[in-house]
């Protein structure tokens with residue numbers, strides 16, 4: 001066989017690049033899960049470095065890699081070296097993509113803590129409509145009710161709902177200083193201090209910003225707010241995997257992130273992508289919160305109806321190797337309290353949802369947020 005008849009390493013990479021992660025849909029080569037591809041005679045070799053949450057895909061990936069490579073000119077065999085999952089593989093450093101792997105996304109020493117703030121916890125979801133803001137607001141209030149000094153940063157710049165949920169949509173924060181020295185004083189309500197884009201714009205005013213402007217306002221909310229002394233700041237992120245998530249992860253060291261999902265499949269698909277994104281950026285995933293786990297009718301509180309399915313949060317947590325932190329039921333009082341600006345954890349503490357929020361807050365407090 002001549003050199004022209006032998007497959008090149010570029011052909012091998014192109015073939016492997018067609019194999020994708022079933023969760024995010026991204027190429028395994030781009031994610032950095034396929035490493036050190038090489039040729040030895042008629043054999044192709046590579047290292048498969050799957051993060052813990054993707055281990056269930058190993059057999060499929062191996063089969064697809066064999067199908068893609070064996071049969072290329074001069075390749076008659078494939079050897080896959082399986083790496084043990086560990087934190088370094090969660091970085092997902094893309095091959096040949098400087099600035100977007102561990103060095104670009106990981107939480108390195110250049111991250112700047114918020115003065116006076118001991119810990120930052122983000123609440124994220126892969127898609128909208130799963131109750132992420134409801135979780136963030138009630139978790140913040142529950143942590144405060146447990147005795148912690150809590151801040152809430154509403155980083156959902158395009159859809160800021162926290163002011164309505166906390167009953168402060170008609171208030172404006174105090175601003176002092178000018179330019180880079182400008183400082184915003186958060187609104188104090190429900191035992192927490194909060195800032196939100198919703199406090200700075202008119203009710204029906206859209207926010208039409210590109211990435212750099214969004215990055216700027218998030219950094220201002222982090223570092224140009226008089227947070228005072230806080231045990232924790234809870235950050236309500238927008239849905240998806242975009243600029244806001246990148247800006248936060250690259251700016252400030254975090255204790256970790258909670259992934260909010262509902263039980264149904266379409267929510268899980270997007271939640272997997274969000275979870276994978278944080279792992280690739282080196283942000284600890286504290287666990288999964290399944291919202292709307294079962295509907296509790298107000299006239300029959302002993303009953304639960306799984307209108308969005310069941311078991312989705314547990315499945316996602318098991319796939320990722322992280323805890324299922326809470327299964328929050330769906331009650332009409334939750335929606336009513338959010339519309340009235342009265343979080344259910346404070347307004348209706350005896351309800352099943354409020355008790356579940358308090359249990360979630362205690363789990364987070366005892367594991368990550370012990371006061372100094």
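Quick note: the coordinates plus some simple rules give every number you see, no bench work behind them. Predicted, not measured: the structure shown is a model, and the values here were computed from it. FYI the Cβ positions are ideal-geometry reconstructions off the backbone, even for glycines, and counts take in every protein chain you see.
Odds and ends about this structure:
- Sites residue 305 and residue 340, calculated FRET efficiency, Cβ-Cβ separation with R0 25 Å, nearest 0.05: 0.55
- Under the simplified labelling scheme, the residue 220-residue 56 pair shows an inter-label distance of 4.3 nm, with each label point 7 Å from Cα along Cα→Cβ.
- Approximating the spin labels as points 7 Å out from Cα along Cα→Cβ, the residue 264-to-residue 76 distance works out to 5.4 nm.
- Kirkwood hydrodynamic radius over Cα pairs of region 271-372, then Stokes diffusion coefficient at 20 °C and 1.002 mPa s, in µm²/s: 142 µm²/s
- Along each principal axis, taking the top coordinate minus the bottom one, the Cα set of region 120-368 gives 55, 38, 36 Å in descending order.
- Peptide packing for 41-48, 273-280, 246-253 was compared via the average number of neighbouring C-beta atoms within 10 Å per residue; ordered from the highest value, the list is 273-280, 246-253, 41-48.
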